[in-house]
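As structure tokens, the structure follows; a few thoughts come after it.
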Amino acid sequence: MAAAAAVPGPGPGPGPAEAAAPGEEAAGVGPQGSGPARMARLPLARVKALVKADPDVTLASQEAVFVLARATELFVETIAKDAYVYAQQGKRKTLQRRDLDNAIEAIDEFAFLEGTLD
């Protein structure tokens, strides 16, 4: 993946010069709204509620909630793509649990998930 250069601007969010990778839609563009808050596809209010459900967390900034939501999206996208490879090997387009299990067993980055889906 090529990194897009960000133009310095006001606020902590990404600059307007960041472009989507070829074949990907630019986040935050379309009928759902625009701006940094809409770049996350997960509902930020729900993510914040999950963060606050942890008794060790007293405050969570909007930026921290956004980063957690975005990291979660990237994780789900990555594991789904890796599991899809196993679905394709079985001549299927639909992911099944065994595809996730195979991805978790085969890919070192998912070793921390081994035994969690049992």
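The values are calculated or read from the model by the stated rules, or taken from the named source; none is laboratory data. As the structure is a computational prediction, the values presented were derived from the model and not from experiment. We work out accessible area using only protein heavy atoms, side chains counted, and drop any ligands, DNA or RNA first. Shrake-Rupley method; radii C 1.70, N 1.55, O 1.52, S 1.80 Å.
Solvent-accessible surface of protein heavy atoms, probed at 1.4 angstrom with all chains present, puts Leu117, Leu44, Leu50 in the order Leu50, Leu117, Leu44, largest first.
Rank Asp108, Asp54 by accessible area, highest first, at a 1.4 Å probe radius? Please report the intermediate quantities before stating the final value.
On the way: Asp108 130, Asp54 65 Å².
From most accessible down to least: Asp108, Asp54.
With Cα atoms as the point set, region 53-118 shows a radius of gyration and Dmax of 15.3, 48 Å.
Order Lys93, Lys48, Lys81 by their accessible area, 1.4 angstrom probe, all chains in place, largest first.
Numbers: Lys93 175, Lys48 70, Lys81 120 Å².
Result of the area sort, largest leading: Lys93, Lys81, Lys48.
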